[in-house]
Amino acid sequence: KVWFQNRRCRDKQRKEASRLVNLNEKLSAMNRVLVEENDNLSKQAMQLVLQNQQIRKQLKQLQGDDSPNRKDEQTGVASTENSSESVVTNCLQPSALQLPHDAGPARLAAVAESTLSEFISKATGTAVEWIQMPGMKPGPDSIGIVAISDGCNGVAARACGLVALEPAKIVELLKNRPMWLSDCRRMDVLGTFTTNGGGLVELLYTQMYAPTTLSLPRDFCTLRYTSIVDDKNVVVCERSLPLSLGEPLVPPSDQFIRAKMGSSGFLIRPYGTVGSIVHIVDHMDLQPETVPEVLRPMYESSSVLAQKMTMGAMRYLRMVARDIDVEAGPGRGLQPIVVRALIQRMARGFNEAVNCLSEDGWSSVASDGVDDVSISVNEHSTTSLSHRQFLFGDKLFSVGDGVLCAKTS
């Protein structure tokens with residue numbers, strides 16, 4: 001009896017020691033992330049202090065100048081203000097691409113390298129003035145450190161956290177955007193090639209659903225670059241193809257509005273046996289001037305982008321990591337992968353009904369505009385309905401097998 005009791009105590013102590021070692025490694029990884037974030041904030045603070053000192057010196061020089069030409073003084077003050085603004089937004093502009101005039105992989109490889117440097121400066125540098133989202137507390141079991149941009153062109157968000165997955169698995173999951181982002185309708189790879197340094201360049205065409213019936217969905221023509229830096233860190237960065245490359249790969253469509261993507265992507269750093277440290281950056285210009293004024297906050301808010309895409313990607317990675325541990329144990333009830341597939345199908349089905357694109361088999365039914373209600377029918381859907389008649393206003397419609405969607409905003 002004493003021997004078995006001692007054995008149970010030793011097993012319990014080994015499990016507790018293993019748990020504490022794992023927790024210690026997670027805390028060490030998060031401490032590394034916080035130290036890097038603190039260094040970035042210190043660099044930003046130092047830059048702002050130097051900028052402030054330069055502006056004060058220039059203002060003192062302008063005040064001490066007794067020249068009668070007041071216009072020159074005003075011009076100097078204006079140039080000083082512009083220079084102070086440009087210091088903050090200078091790094092946010094797309095870098096000038098010095099590309100050769102020959103078409104082909106050489107130009108695309110140059111764009112890929114430029115995209116890589118811009119993304120690294122956003123993910124780990126001070127290219128963007130980031131401010132932390134309120135309520136996001138870092139910790140070993142949290143999503144991580146989430147920040148949004150302050151005053152950049154378009155909307156941008158950044159997240160950094162610890163994920164208990166291997167880098168190869170993270171790359172596989174995040175590259176397949178339609179699987180984890182229900183707002184992504186489709187993503188097609190139009191072409192690929194390998195650079196001299198061993199990186200992979202992909203030309204993508206992506207379509208995103210619109211969140212409401214009062215705006216058109218967005219689409220992107222982007223270049224995605226996958227490479228390994230520092231011999232172990234994996235970088236997957238993406239941006240819209242610049243106009244200097246000529247005509248877009250996919251011509252603009254009347255059903256979509258062509259949006260722009262700044263240097264975005266994710267950086268993966270393997271960390272011991274606890275997983276990987278993941279940096280995610282999303283930077284987009286969703287063309288808010290093309291939507292009604294009441295909807296523009298949805299397209300101009302970096303917090304909305306952070307909640308939908310950046311934090312959504314981190315949550316998905318942590319969910320997969322947690323589900324892998326659950327699936328390794330005894331199976332009870334529905335498997336997590338089945339639940340995720342059902343959730344994804346429901347969300348995509350709703351987004352499809354909100355947008356009612358003709359490519360998905362939807363056709364509009366003529367209406368008299370009562371209460372701004374629009375009717376759409378999808379007769380090619382696999383969902384079967386009995387043959388019924390629907391009364392809309394003073395008109396009677398007959399619909400067979402399919403889906404009938406009545407929507408308004």
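The values are calculated or read from the model by the stated rules, or taken from the named source; none is laboratory data. Because the structure is predicted, anything quoted here is derived from the model rather than measured. Quick reminder, even Gly has a Cβ in these numbers, built from the backbone with ideal geometry, and neighbours come from all protein chains shown. Note: areas computed on protein heavy atoms with side chains; ligands, DNA, RNA excluded. Shrake-Rupley method; radii C 1.70, N 1.55, O 1.52, S 1.80 Å.
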- Selection within segment 234-260 - in a strand (DSSP E or B) and without any contact (Cβ under 8 Å) to a residue 40 or more places away in the chain: S240
- Query: Do we have any residue at all in segment 248-259 that's open to solvent by 50 Å² or more (accessible area, probe 1.4 Å), in contact with a helix residue (DSSP H, G or I) (Cβ under 8 Å, 6 or more places away or on another chain), of a type in the set (S, T, N, Q) and on the phi < 0 side of the Ramachandran plot?
  - Reply: yes
- Message: Quick check on segment 261-280. Is at least one of its residues on the phi < 0 side of the Ramachandran plot, assigned to a strand (DSSP E or B), open to solvent by 10 Å² or more (accessible area, probe 1.4 Å) and in contact with a Gly (Cβ under 7 Å, 6 or more places away or on another chain)?
- Response: no
- Task: Scan segment 281-308 for residues that are closer than 14 Å to A147 by Cβ and buried (at least 22 other Cβ atoms within 10 Å of the Cβ) and jot them down.
- Result: V281, D282, H283, S302, L305, A306
- Query: Among the helices (runs of 4 or more DSSP H) contained in segment 101-220, which hold 2 or more residues that are more than 27 Å from R269 (Cα to Cα), at pLDDT below 90 and out of contact with any Cys (no Cβ under 8 Å at 6 or more places or on another chain)?
  - Reply: 105-123
- Message: For segment 29-59, give me each residue that is without any contact (Cβ under 8 Å) to a residue 12 or more places away in the chain and polar (S, T, N, Q).
- Response: N31, N38, S42, N52, Q53, Q54
- Restricting attention to segment 4-15, report how many residues are open to solvent by less than 80 Å² (accessible area, probe 1.4 Å) and within 21 Å of T273 (Cα to Cα). 0
- Message: Can you go through Y205, Y209, Y225 and tell me which one is within 16 Å of the chain's Cα centre (by Cα) and buried (at least 22 other Cβ atoms within 10 Å of the Cβ)?
- Response: Y225
- Could you give me the residue pairs with C-beta distances under 6 Å whose first residue belongs to segment 118-132 and is within 13 Å of V235 (Cα to Cα) and buried (at least 18 other Cβ atoms within 10 Å of the Cβ), whose second residue is of a type in the set (S, T, Y) and modelled with pLDDT of 85 or more wherever it lies, and which are 6+ apart or on separate chains? E118/S263; F119/S263
- Message: Within segment 228-239, does at least one residue satisfy the condition of being open to solvent by 50 Å² or more (accessible area, probe 1.4 Å), over 19 Å from the mean Cα position of the chain (by Cα), of a type in the set (D, E) and farther than 21 Å from N351 by Cβ?
- Response: yes
